[in-house]
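What follows is calculated from the coordinates using simple rules that are stated; it is not laboratory data. This structure is a prediction, so every number in the text was calculated from the model and none was measured. In this analysis, Cβ positions are derived from the backbone assuming ideal geometry, glycine residues included, and neighbour counts consider all displayed protein chains.
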Amino acid sequence: MRDHFELQAYDAMGRLGELTVPRADVTVETPALLPVINPHHETIDPGRLAEFGAEILITNSYVIYGSDEVREPALEDGLHDLLDFDGAIMTDSGSFQLAEYGEIDVNTTEILEFQREIGSDIATPVDIPTPPDADREQVGREMETTQARLETAADFDAGEMLLNAPVQGATYPDLREQAARDAYATGLDVFPIGAVVPLLNDYRYGEMVDAVAGAKRGLGEDAPVHLFGAGHPMMFALAVAAGCDLFDSAAYALYARDGRYLTVRGTEHLDELEHFPCECPVCSARTPAELRDRPTHERTKLLAEHNLHVSFGEMRRIKQAIRQGNLLELVETRARAHPTMLDGYRALLDHAEQLERTDPASKDAFFYLSGESAARPEVRRHHDRLARLSPPADLLLATDPDAHAGADADVWAVEPPFGPVPRGLDQTYPLTAELPDRLDDRAYRAAARGVNRLAETSDAAITLVDDGWPASALDLLAEGVDIDTTVEE
Ligand code: GUN
Ligand code: ZN
């Protein structure tokens, strides 16, 4: 158990990993995107998904179970033959139908048996997707039912098939944490965070991040985490940085049917495009006007192809960013696409302590890109480091220490957003940061908090040279810190 997920590198809470799926005899590189295939309504031939980069797909076993048309071929030939896909196949259980229509006519054991019979590689019990904002009583009650079904699944003879253990808890981070702890204790294999679709549909990215962070606190580091129903490439980087490893996209097909065109900055409508802002084969070969002129089914298929190219392209960008240690720069860039994404990023940074635990000690240069950069985990880590130092008894802090070389006190640099830079540390990460010349007040305020950490954890007499600090940062300085406005530049 639990040797099927191997982690290779971290950036913030994001990680590169390998999910071994024994029944399919494949290894899936994570973060991974699972295209949703509806066997009744294949927008893209699943046999072609590998061309886009898909190593794993997801389909709904309950839809297959309920269909006279595909049920028998699925049982007879197995899903891999039915879909002509030799990667890994995850199946969902019908919980979505349960949430939509109130009941389904199978229980967990029956639908797990069916998933095993049709050759699923990762199967799902019938969890209860409690919607956001449900009252705590309802959430708690439904979590108990879900947990009982996870325990049924844990007793189920799955053979080599892996099992999902969905984590519910609606919009209560503490309940998400508890649900995750209980799910993890079952010893099941993959941990989808459930019922986030209504949050995502309403652009509630901050609450999505809080739900993920809550669930992550209850799970072991070795738990592969799937964000159920999250398929818009705009938010992949944010969700990966919060610790999600798997995503499934129905969006690529659903949006295509409405003429909607996905980008990493949001959604466009084909009718409103004069130029394609994309380099994929679909967009390079034709203009929007030409695509509008095609028959509906062809237009939908081509739009779906573009949507998939964009989604997999973003996944590759994210993986490369984790390798290079600039995932947070990517998230910060994506956060500029929509104010609600900015909320998501700010919510992520509110979990700086949790982010900091897995964030590597050293990466490529820290790029200060906006006021949000001042709240990154590296800044917090530097402040923690300051608290462990013994500074000189009489310390002068200046943004340009060379200008004060003749001072009686020892002189250290102070660099927004980090704060005091002890001598000898200025060439170490993150103090090698690239900063704009025109810094905002948040950088100075973060630096003031760094000065305070040093003042509060040592007996040093600290003087800060005010060579143009904003009042909002000077106001934050602790009582004991002197401000020198007279020292000449
Ligand atoms: N698909 C999207 N959300 C959910 C969920 O909460 N549970 C299951 N089983 N499938 C989903
Ligand atoms: Zn394109």
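Observations, loosely collected:
- Residue 310 vs. criteria in contact with an Asp or Glu (Cβ under 7 Å, 6 or more places away or on another chain), among the β-branched types (Val, Ile, Thr) and on the phi < 0 side of the Ramachandran plot: no
- Among the residues of the stretch 61-82, those identified as buried (at least 23 other Cβ atoms within 10 Å of the Cβ) and either touching a strand residue (DSSP E or B) at 6+ places or on another chain (Cβ under 6 Å) or among the basic types (Lys, Arg) (or both) are 61, 79.
- Scanning the stretch 220-232 for residues that are within 16 Å of ligand 1 (Cβ to nearest atom) and of a type outside the set (A, V, I, L, M, F, W, C) turns up 224, 226, 229, 231, 232.
- Residue list for the stretch 453-485, restricted to those being farther than 16 Å from residue 399 by Cα, touching a Leu at 6+ places or on another chain (Cβ under 9 Å) and not hydrophobic (A, V, I, L, M, F, W, C): 453, 457, 458
- Qualifying residue in the stretch 394-406 (condition: part of a loop (DSSP other than H, G, I, E, B) and within 40 Å of the chain's Cα centre (by Cα)): yes
- Count - residues of the stretch 267-296 that are small (Gly, Ala, Ser) and in contact with a helix residue (DSSP H, G or I) (Cβ under 6 Å, 6 or more places away or on another chain): 0
- Residues in the stretch 109-146 that are surrounded by fewer than 21 Cβ atoms within 10 Å (Cβ to Cβ) and of a type in the set (S, T, N, Q): 109, 138, 145.
- The listed residue being crowded, with 18+ Cβ neighbours inside 10 Å and of a type in the set (A, V, I, L, M), out of 396, 369: 396
- The set of residues in the stretch 298-343 being under 15 Å from residue 254 (Cβ atoms) and not polar (S, T, N, Q) consists of 299, 301, 303, 304, 305, 306, 308, 310.
- Residue count, the stretch 389-426 (criterion: touching a residue at least 60 places away in the same chain (Cβ under 8 Å) and not aliphatic (A, V, I, L, M)): 7
- Residue pairs whose Cβ atoms lie under 9 Å apart, separated by 6 or more positions or on different chains, with the first residue in the stretch 267-284 and of a type in the set (Gly, Ala, Ser) and the second away from ligand 1 (no atom under 16 Å from the Cβ), are 284/276; 284/278.
Condition check ((1) surrounded by fewer than 20 Cβ atoms within 10 Å (Cβ to Cβ); (2) within 16 Å of ligand 2 (Cβ to nearest atom); (3) without any contact (Cβ under 8 Å) to a residue 40 or more places away in the chain; (4) not polar (S, T, N, Q)) across all residues:
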{"position": "291", "(1), (2), (3), (4)": "no, yes, yes, yes"}
{"position": "296", "(1), (2), (3), (4)": "yes, no, yes, no"}
{"position": "308", "(1), (2), (3), (4)": "no, yes, no, yes"}
{"position": "320", "(1), (2), (3), (4)": "yes, no, yes, no"}
{"position": "329", "(1), (2), (3), (4)": "no, no, no, yes"}
{"position": "335", "(1), (2), (3), (4)": "no, no, no, yes"}
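- Test for residue 389: is it in contact with a Pro (Cβ under 7 Å, 6 or more places away or on another chain), within 25 Å of residue 366 (Cα to Cα) and assigned to a loop (DSSP other than H, G, I, E, B): yes
- Scanning the stretch 20-76 for residues that are of a type in the set (D, E, K, R) and free of Cβ contacts under 8 Å to residues at least 12 places away in the same chain yields a total of 8.
- Of the helices (runs of 4 or more DSSP H) lying entirely inside the stretch 76-129, those containing at least 3 residues that are among the acidic types (Asp, Glu) and closer than 12 Å to residue 65 by Cβ are 108-117.
- Hey, residue 328 under 19 Å from residue 240 (Cβ atoms), touching a Ser or Thr at 6+ places or on another chain (Cβ under 9 Å) and in a loop (DSSP other than H, G, I, E, B) or not: no
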